[in-house]
Amino acid sequence: MTIASRAASANDYVRRHSTHPLISRRKAADIARAAVRLAALLGIDPVHVQPDRRWSSLSLPLVPLTLHASDPDDPQQIYNFSYSDPLYDSEPFYLLGPCPACEATVPLAEIRSLADLGVFIADGPAPLPDNGILPSSYPDEFDRNPSHSSTCPFWDSEG
């Protein structure tokens, strides 16, 4: 796919998804731009990135947006990301997955580039030690995420 065709696809995606009957035009445009930005980071067409459709609970940047990216070569392989604030292009995406301690879906890795995702795919999440100290490879958002079970030793309820 050429750069021009990818750019046209991104523009078309933003234009088609910048309106939604249940949310404001501005919020819909923010969601569309975040999806296009993730697609560009992953090197895929934006049609392979879909936002979570729970519109009523979404209040960016207070509630992170969840985006689902399917692999164009293997549509069954889906990567889930959260994204907090579409106003800043420097805002990272967070790869979501099960907490190794409580199984809740939480941010496991900060993704700023395709190489960051490659590192995570190659190495996976670092094992969590019994001493309750979080390895530095986990993002700060890991232990701050309220999805952890209340008994998870890695949930910082005061974070």
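The values are calculated or read from the model by the stated rules, or taken from the named source; none is laboratory data. These numbers were taken from a predicted model, which means no experiment stands behind them. Backbone-built Cβ (ideal geometry, glycine too); neighbour counts: all protein chains shown.
Sort out which residues of segment 8-22 are in contact (Cβ under 8 Å) with a residue 24 or more places away in the chain, buried (at least 16 other Cβ atoms within 10 Å of the Cβ) and not in a helix (DSSP H, G or I), and write them in order of number.
The one that is in contact (Cβ under 8 Å) with a residue 24 or more places away in the chain, buried (at least 16 other Cβ atoms within 10 Å of the Cβ) and not in a helix (DSSP H, G or I): His20.
Check segment 32-47 and report whether any residue there is in a helix (DSSP H, G or I), of a type in the set (D, E, K, R) and not assigned by TED's automatic domain parsing to the domain that holds Leu114.
The answer is yes; a qualifying residue exists.
Residues are listed down the side, and each one gets a yes or a no for (1) over 15 Å from the mean Cα position of the chain (by Cα); (2) assigned to a helix (DSSP H, G or I); (3) surrounded by 17 or more Cβ atoms within 10 Å (Cβ to Cβ):
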| residue | (1), (2), (3) |
| --- | --- |
| Ser5 | yes, yes, no |
| Asp30 | no, yes, yes |
| Ala69 | no, no, yes |
| Leu96 | no, no, yes |
| Leu108 | no, no, yes |
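It is to be established whether one or more residues within segment 82-89 are under 13 Å from the mean Cα position of the chain (by Cα) and at pLDDT below 80.
yes
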